[in-house]
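Chemist: Have a look at this one before I ask anything.
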Amino acid sequence: MSAKKDIIIALDEGTTNAKAVALDGVGNVVAKFSRALTIHTPREGWVEQSGEALLTASLDVVAQAIAAVGTERVAALAISNQRETAMGWYRSSGQPLGPAITWQCSRTADFCRTLREQGREAQIKSATGLPIAPLFSASKMRWLLESVPNGMTLAQQGDICLGTIDSWLLWNLTQGEAFRCDVSNASRTQLLNLNSAHWDDEMLALFGIPQHALPEVCPSSHYFGVTKGLATIPDGIPILAMIGDSHAALFAHSLGAEGGVKATYGTGSSVMAPVLSTQCDVNTLATTIAWHDGETLVYGLEGNIPHTGDAVAWMADSTGLSELSEDQLLHALNTLPATVDSTLGVYFVPALTGLGAPWWDENARGLIQGLSRGVKRAHLVRAALESITYQIADVVLAMRQHSGFRLNALMVDGGPTKNDWLMQYQADLLGCPVMRSDVPELSATGAALLARKTLLGIETNQLRRYLPDHVSFQPDIKRHERLQQRWYEWQSAIERTRWQMLP
């Protein structure tokens with residue numbers, strides 16, 4: 001890297017915001033820009049976003065970051081993105097088939113149920129590492145093809161492109177010259193064979209997805225193409241990394257050190273632990289590809305939770321807090337839980353579009369249990385925040401059943417981690433240290449680290465000097481013992497969300 005071109009701009013395209021972060025030659029954030037994104041729920045269980053809006057917001061924040069640091073200093077772009085969200089577009093025009101079907105969407109629940117009834121679970125889990133669930137991209141891609149006239153025929157002829165958000169962004173950044181995705185995003189589609197890291201013929205046939213419609217699978221740290229033909233972004237900037245946002249956060253925490261389990265607190269949450277092989281001892285968890293750094297394929301054991309920060313947002317809406325200004329809302333969420341000693345027995349299970357790991361029940365629906373006359377807004381908000389910690393603890397409990405699992409510390413990132421009360425509660429509940437990243441833009445940082453590796457041609461362990469610091473929350477062991485009863489009662493509430501769907 002020349003002294004003049006020292007900036008890597010990382011685009012972090014999430015569910016609720018598109019963010020661009022400029023990092024200098026020593027890894028410090030020197031500029032950042034963000035644009036809010038809209039989520040649409042046209043029917044119960046359906047969650048979608050405008051692909052054009054995702055793209056417009058992403059190009060806008062990248063252009064702002066480039067302008068802020070100067071084009072002459074920009075060495076490369078990197079992309080981290082919301083995972084599992086499926087996008088389809090016409091190859092000739094680049095026009096979307098329809099909205100992007102987000103990872104939260106459960107519109108393909110009936111198809112997934114049919115696969116389960118056909119006894120396909122073991123076959124799919126063996127090949128892809130993933131349980132059958134509407135979360136993953138394959139059933140969404142099938143739905144997209146079925147939603148347009150002659151969709152399957154056009155896809156077989158190569159006239160339709162199907163991809164995750166990284167491939168959609170890359171396609172547009174390069175004016176259609178690069179149709180690629182990274183291996184971490186590909187591993188979330190339920191179409192990639194974990195062992196070969198190539199599209200799996202049996203899975204393609206099972207889901208009815210022609211390989212001609214899918215992007216080329218590449219390492220996460222890789223030359224993907226260069227920018228071209230964009231009004232606000234100069235031509236010729238290389239895109240040197242693409243990776244799913246949760247994977248990027250794990251990479252930025254510790255480069256995948258053993259015993260370092262990562263939890264990203266966002267709209268939903270991903271709990272991920274680095275593991276050595278594709279073999280998973282726990283049926284309720286996914287084995288995924290964490291990343292390919294250009295040298296080595298690294299695997300991850302993961303549990304996905306659809307509603308964590310989203311649960312708090314729902315509760316803020318329902319209790320009137322969302323009418324406050326952004327600063328007032330943040331202050332309320334940080335202070336209200338500590339104004340009461342408990343939730344007065346209230347548990348909020350935010351199964352708003354079903355339950356994710358370790359339950360995988362798309363038919364479950366949320367509930368608030370234990371309401372009494374004395375319950376006030378503070379108790380409800382506290383219950384929503386506690387629900388985040390319980391859901392993460394449920395996944396960690398499932399992970400403990402895996403023979404190769406170790407938990408030295410829970411490394412955390414994402415907006416809700418700014419809440420010190422929440423972080424201390426999580427540490428006390430789990431009985432282990434919680435290590436919060438000082439850098440809120442951790443997914444962007446992880447993508448930038450992988451781009452820097454490609455740019456400099458260095459080994460992964462040489463990136464350690466760029467890793468951000470952490471703030472430590474140490475567990476109170478006596479409180480940990482007391483919270484085990486509350487966790488037990490939470491699990492009882494979980495079961496109630498599933499009972500209500502029985503005939």
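Chemist: With +1 assigned to the C-beta of every Lys and Arg and -1 to the C-beta of every Asp and Glu, and no other charges, what is the dipole magnitude of segment 367-503 about the Cα centre in debye, to the nearest 20?
Modeler: Here the size comes out at about 240 debye.
Chemist: Quote the relative contact order of the chain in percent (integer), defining contacts as alpha-carbon pairs under 8 Å separated by 6+ residues. Display every interim value, and only then the final one.
Modeler: On the way: 1123 pairs, mean separation 74.4, N = 503.
Once divided by the residue count of the chain, the mean separation gives 15 percent.
Chemist: Would you be so kind as to identify which of ALA127, ALA67, ALA57 lies farthest towards the positive end of the dipole of segment 53-167, taking Lys and Arg as +1 and Asp and Glu as -1 on Cβ and the Cα centre as origin?
Modeler: ALA127
Chemist: Can you give the local net charge around GLY151? Use residues other than it whose beta-carbon is closer than 11 angstrom to its beta-carbon, Lys and Arg +1, Asp and Glu -1. Before the final figure, lay out each step's value.
Modeler: On the way: positive: ARG142; negative: GLU146, ASP159.
Residues near GLY151 contribute -1 overall.
Chemist: Next up: In debye, nearest 20, what is the charge dipole magnitude of the chain about its Cα centre with +1 on Lys and Arg Cβ and -1 on Asp and Glu Cβ, if you could check?
Modeler: On the way: 39 positive and 50 negative charges, 115 e Å.
Charge dipole, the chain, about its Cα centre: 560 debye, nearest 20.
Chemist: Leaving out ligands, DNA and RNA, what percent of the accessible area of segment 86-154 is carbon and sulfur, probe 1.4 Å? Can you show the working numbers first?
Modeler: Working: 1300 of 2600 Å².
Its accessible area is 50 percent carbon and sulfur atoms.
Chemist: What aspartates and glutamates could a cross-link reach from LYS140, if we take a straight Cα to Cα line under 13 Å and drop same-chain neighbours fewer than 8 places away?
Modeler: GLU48, GLU84, ASP110
Chemist: At 1.4 Å probe size, with every protein chain present, just tell me what the per residue accessible area of segment 11-101 comes to in Å².
Modeler: 37 Å²
Chemist: Out of these labelled values of semi-axes √(5λ) of the Cα gyration tensor in Å, (1) 34, 27, 22; (2) 47, 28, 25; (3) 47, 32, 22, which was calculated from the coordinates shown here?
Modeler: Entry (1).
Chemist: Continuing with the same structure: What FRET efficiency comes out for the pair LEU276/GLN328, r = Cβ-Cβ distance, R0 = 51 Å, nearest 0.05? Mind showing how you got there, number by number?
Modeler: Details: r = 47 Å, r/R0 = 0.92.
For LEU276 and GLN328, the calculated efficiency is 0.60.
Chemist: What order, most packed first, do the peptides 61-68, 266-273, 478-485 have when packing is the mean number of other Cβ atoms within 10 Å of each residue?
Modeler: 266-273, 61-68, 478-485
Chemist: Counting heavy atoms of the protein chains only and a 1.4 Å probe, report the per residue accessible area for segment 260-327 as a whole number of Å².
Modeler: Values: 2340 Å² over 68 residues.
For segment 260-327, the per-residue accessible area is 34 Å².
Chemist: For the chain, with the dipole built from +1 on Lys and Arg beta-carbon atoms and -1 on Asp and Glu ones, taken about the Cα centre, which of THR38, GLY366, HIS470 lies farthest toward the positive end?
Modeler: Ranked along the dipole, the leading option is GLY366.
Chemist: Follow-up. Distance in nm between label sites at LEU371 and GLN156, each 7 Å beyond Cα in the beta-carbon direction?
Modeler: Rounded to a tenth, the inter-label distance reads 5.3 nm.
Chemist: Quick one: work out the % antiparallel among DSSP beta bridges in the chain, nearest 5. Present the calculation step by step, with values, prior to reporting the outcome.
Modeler: Values: 52 of 76 bridges.
Expressed as a percentage, antiparallel bridges in the chain total about 70.
Chemist: Given the options GLN424, ALA451, LEU115, identify the residue whose Cα lies farthest towards the positive end of the charge dipole of the chain (+1 on Cβ of Lys, Arg; -1 on Cβ of Asp, Glu).
Modeler: Most positive-ward Cα: GLN424.
Chemist: To continue, here is another question. Work out how much length THR296 to ALA68 would gain on full extension: take 0.36 nm times their residue separation and subtract the Cα-Cα distance, in nm to one decimal. Kindly include the intermediate steps, with their values, before the conclusion.
Modeler: On the way: separation 228, 0.36 × 228 = 82.08 nm, distance 3.49 nm.
Once the chain is fully extended between THR296 and ALA68, it gains 78.6 nm.
Chemist: Suppose a student asked you for the relative contact order of segment 218-367, using Cα pairs under 8 Å spaced at least 6 residues apart; what percent would you report? Display every interim value, and only then the final one.
Modeler: Working: 227 pairs, mean separation 24.8, N = 150.
That works out to 17 percent.
Chemist: In whole angstrom, and with the biggest value first, how far do the Cα coordinates of segment 23-69 range along each principal axis?
Modeler: 46, 18, 12
Chemist: What is the extension gain from ASN28 to GLU177, computed as 0.36 nm multiplied by their sequence separation minus the C-alpha to C-alpha distance, in nm to one decimal?
Modeler: Details: separation 149, 0.36 × 149 = 53.64 nm, distance 3.16 nm.
Extra length from ASN28 to GLU177 when fully extended: 50.5 nm.
Chemist: Round to the nearest 0.05 the FRET efficiency obtained for THR232 and ARG113 when R0 = 56 Å and r is the Cβ-Cβ distance. The partial results should precede the final answer.
Modeler: Details: r = 45 Å, r/R0 = 0.80.
Result of the calculation: an efficiency of 0.80.
Chemist: A follow-up question, please. Roughly speaking, what is the stretch gain from GLU44 to HIS198, that is 0.36 nm per residue apart minus the C-alpha to C-alpha distance, in nm to one decimal? Walk me through the intermediate numbers first.
Modeler: Details: separation 154, 0.36 × 154 = 55.44 nm, distance 3.46 nm.
Extra length from GLU44 to HIS198 when fully extended: 52.0 nm.
Chemist: As a test of the formula, what do you get for the chain when each DSSP H run with n ≥ 4 contributes -39,500 (n - 2.57) and the sum is divided by the residue count, at 222 nm and rounded to the nearest 500 deg cm²/dmol? Walk me through the numbers on the way to the answer.
Modeler: On the way: 15 runs with 174 residues, N = 503.
Value at 222 nm, helices only, nearest 500: -10500 deg cm²/dmol.
Chemist: Right, something else. ILE477 accessible area, nearest 10 Å², 1.4 Å probe?
Modeler: 90 Å²
Chemist: Here is a follow-up. Measure off 7 Å from each Cα along the Cα-to-Cβ vector at SER318 and GLU146, then give the distance between these two points in nanometres to one decimal.
Modeler: According to this spin-label approximation, the distance is 3.1 nm.
Chemist: Let me ask you something else. Strictly over 28 Å apart at the Cα level, which of LYS19/LYS262; LYS125/LYS478; LYS4/LYS228; LYS19/LYS376; LYS5/LYS262 would you flag in this model? It would help to have the intermediate numbers written out before the result.
Modeler: Working: LYS19/LYS262 21 Å; LYS125/LYS478 40 Å; LYS4/LYS228 22 Å; LYS19/LYS376 36 Å; LYS5/LYS262 32 Å.
Where the Cα-Cα span goes over 28 Å, the pairs concerned are LYS125/LYS478; LYS19/LYS376; LYS5/LYS262.
Chemist: Only loop residues by DSSP count here, and only those with at most 12 other Cβ atoms within 10 Å; note down the GluC sites (Glu not before Pro) in segment 32-130 that meet that.
Modeler: Values: sites: GLU44, GLU48, GLU52, GLU72, GLU84, GLU117, GLU121; in loops: GLU44, GLU84.
Here the GluC sites (Glu not before Pro) that fit, given the DSSP loop and packing criteria, are GLU44.
Chemist: Now for a different question. Quote the charge dipole size of segment 272-395 about the Cα centre in Debye, to the nearest 20; the model charges only the Cβ of Lys and Arg (+1) and of Asp and Glu (-1).
Modeler: About 620 debye.
Chemist: Using DSSP to call loops (not H, G, I, E or B), can you name the chymotrypsin sites (Phe, Trp or Tyr not before Pro) in segment 1-98 whose Cβ has at most 15 other Cβ atoms within 10 angstrom?
Modeler: Values: sites: PHE33, TRP46, TRP89, TYR90; in loops: TRP46.
In loop regions of segment 1-98 (DSSP not H, G, I, E or B), there are no sparsely surrounded chymotrypsin sites (Phe, Trp or Tyr not before Pro).
Chemist: Next question. Taking only protein heavy atoms and a 1.4 Å probe, what accessible area per residue, in Å², does segment 400-469 have with all protein chains in place? Spell out each step's value before the answer.
Modeler: Values: 2660 Å² over 70 residues.
It amounts to 38 Å² per residue over segment 400-469.
The values are calculated or read from the model by the stated rules, or taken from the named source; none is laboratory data. All figures in this text were calculated on a predicted structure; none of them were measured in a lab. Positions of Cβ are generated from backbone atoms using ideal geometry, with glycine treated the same way; all protein chains shown enter the neighbour counts. Side chains included, ligands, DNA and RNA excluded: accessible areas come from the protein's heavy atoms. Shrake-Rupley method; radii C 1.70, N 1.55, O 1.52, S 1.80 Å.
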